[in-house]
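To start, the structure under review is shown below, and the notes come after it.
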Amino acid sequence: MPTKITLGAFHTLGVGAKWYLTEDPMRYLDLQHWIDTVKGYEEAGLDFVFFADSYGYPVLHDHVIPLAVERGIQFPAADPTVLLTALAATTDRIGLVTTVSTMIEKPQTVARRFATLDHFTKGRVGWNVVTGSGQSASALLFGEELTAHDDRYARAEEHVQLSLELWEGSWEDDALKVDAETGTFTDSSKVHEVEHDGTFFKARGVLTVPPSPQRTPTLFQAGTSSRGRQFAADFAEAVFVAAEPDTVTKQIADIRDRLEANGRGRDAISILAAGTFFVAATHEEAVAKREAAVGRTSLEDAAVLYAYFTGLDLMSMDLDKPLAQTNSDQGQTNIDRFSGKDGAPALTVRQILEEFQRNSVMASPFVGDPIEVTDQAIAYIEATGADGFLLQPEVAGGQDDFLEFVLPELRRRGVLNESQPGLTLREQLFGAGNNRLPETHPGAAFRKNSIPA
Ligand SMILES: Cc1cc2nc3c(=O)[nH]c(=O)nc-3n(C[C@H](O)[C@H](O)[C@H](O)COP(=O)(O)O)c2cc1C
């Protein structure tokens, strides 16, 4: 068990899956709603809030699936990087993490935006690096061919390498002078042009944003395919996983083995398991909440959702047989999850649809009274080797239940990684003083000076 459990809250800037059960489905476009929500998380003591993002939406046979548009399934969604500046201004200790895919924008753009956000947040920003869910849609939107799954990771690798070089290698720590007497703004001998001539990107020049508190934003990652886990072990500092406990345990052990092989140390990544919580004063009330949140997802809706994550059309397959296709350039995690890999049984197409109806891409929820669920949560952390939870939103409870019932009990037991004022996000995850990438991270090799972090 980690010394302390880390907690984050998951959101998207999209309409929620069960929007029809909520009072105000459009509040996701209301800035004040997010300011109030995230302020509430900060006051409750969460370590970070995470906004998932993608340019994608459900597509089959090169066209948006009409049912996705009609029912609001992974569609529509707005851009969360724009939201982070407002949250930077209205919070002062919670970590602010969002996704930018390495498939859309160039490293130069991403590096500049996150360096700016790192200043505005005083070092509280994190970048969730993904190769992108809903890839068919975003490839079509940008007028490109769909890039093969593992090639997307090759591009992600080069993207992050160049971004790291821009963040860590452009400016020496003491390059900025701002000396009005001499009129010297920057010591030009301490600003270096980055040169890169790669397969996917080319660059010669400098990052124009002066050094920020973390330099490199805290790097998150979320794809758990085999290629994704290697990418995590190479670059990530925090990873999101979402699967049943046995699978999560194997994924975590695998990521930590790969970390060790890379010389980064088994604890170099904070692994956060996506968790859905239905908690109430009594067990029975909690079960009733869970039932109330099951929603009206039809098998057709579930198939749309599955197509979004995998590109596979389950409705065209034999419902009583296992998946007719087990490779997809769209996303491998939710195929591997059901196709008998890692010792788990292969599910039939009907069982997969039913599982997506119930839990979508998430694992089964925690359900019970506050003591039961706190015990379950701690047992989960001990069994899987995860470092904490990424709390999922739910219409009938979810994060609110967790904050009301579980958080106080975890706090009473002294197992929380209490969020501290004045720390960067990296320090929040790895302890005070760790505001910069550790020397064992590949990004450290780009530093031009030897001033310790
Ligand atoms: C908790 C969690 C959050 C995720 N957030 C995003 C996201 O914001 N954007 C995205 O494109 N993919 C996100 N993913 C990952 C995708 O589901 C998908 O696995 C990945 O983009 C494709 O890589 P893979 O083939 O290695 O799975 C998330 C996954 C998890 C478990």
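Values as computed for the structure displayed
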| item | result |
| --- | --- |
| All lysines inside 29 Å of LYS341 as judged from Cα atoms, apart from same-chain residues fewer than 8 positions distant | LYS250, LYS321 |
| Accessible area in the full protein assembly, largest first, 1.4 Å probe, for ARG266, ARG204 | ARG204, ARG266 |
| The chain shape via C-alpha gyration tensor axes, a/c threshold 1.5 | prolate |
| Whole-number accessible area per residue in Å² for the chain, which is evaluated in the context of all protein chains at 1.4 Å | 42 |
| Cα-based reach from LYS39 at 30 Å (exclusive), listing lysines while leaving out same-chain residues under 8 positions away | LYS4, LYS18, LYS122, LYS289 |
| Full-stretch length increase - ILE371, GLN325 - with 0.36 nm per residue and alpha-carbon distance subtracted | 12.3 nm |
| Label zone at ALA445, where the point sits 7 Å out along the Cα-to-Cβ direction: the range 196-225 residues whose backbone N lies under 18 Å | 196-201, 216 |
| Cut-off 17 Å (backbone N to label point 7 Å along Cα→Cβ of ALA148), residues of the range 209-247 | 226-228 |
| Nearby lysines by direct alpha-carbon distance to LYS202 (threshold 28 angstrom, same-chain neighbours under 8 apart not counted) | LYS106, LYS190, LYS448 |
| With all protein chains modelled, accessible area of THR333 [1.4 Å, Å²] | 40 |
| For the range 247-263, 3J(HN,Hα) per residue [Karplus equation, 6.51 cos²θ - 1.76 cosθ + 1.60, θ = phi - 60°, Hz, x = Gly/Pro] | 5, 4, 4, 5, 4, 5, 4, 5, 4, 5, 4, 5, 4, 4, 4, 7, x |
| Relative contact order (%) - criterion: Cα under 8 Å, at least six apart; region: the range 299-359 | 39 |
| Rounded, prolate or oblate (a/c below 1.5 giving rounded, otherwise prolate when a/b exceeds b/c) for the range 348-453 by Cα gyration tensor | oblate |
| Among 80-86, 366-372, the order from most to least packed when residues are scored by Cβ within 10 Å on average | 366-372, 80-86 |
| Potential extension, LEU141-GLU105 segment - 0.36 nm per residue separation minus Cα distance | 11.6 nm |
| For ALA9, residues with placed amide H under 5 Å, excluding near neighbours | PHE48, VAL49, PHE50, LEU391 |
| Cα-only Debye scattering, the range 299-359: base-10 log of I(q)/I(0) at q = 0.13, 0.22, 0.25 Å⁻¹ | -0.26, -0.81, -1.08 |
| Sulfur and carbon atoms: percent of accessible area, the chain [1.4 Å] | 52 |
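The values are calculated or read from the model by the stated rules, or taken from the named source; none is laboratory data. What you see is a predicted model, and the numbers here were worked out from it, not measured in a lab. Reconstructed Cβ throughout: ideal geometry from the backbone, glycine too, with neighbour counts over all protein chains shown. For the accessible areas, the whole protein counts, side chains as well, though only heavy atoms, and no ligand, DNA or RNA atoms are used. Shrake-Rupley method; radii C 1.70, N 1.55, O 1.52, S 1.80 Å.
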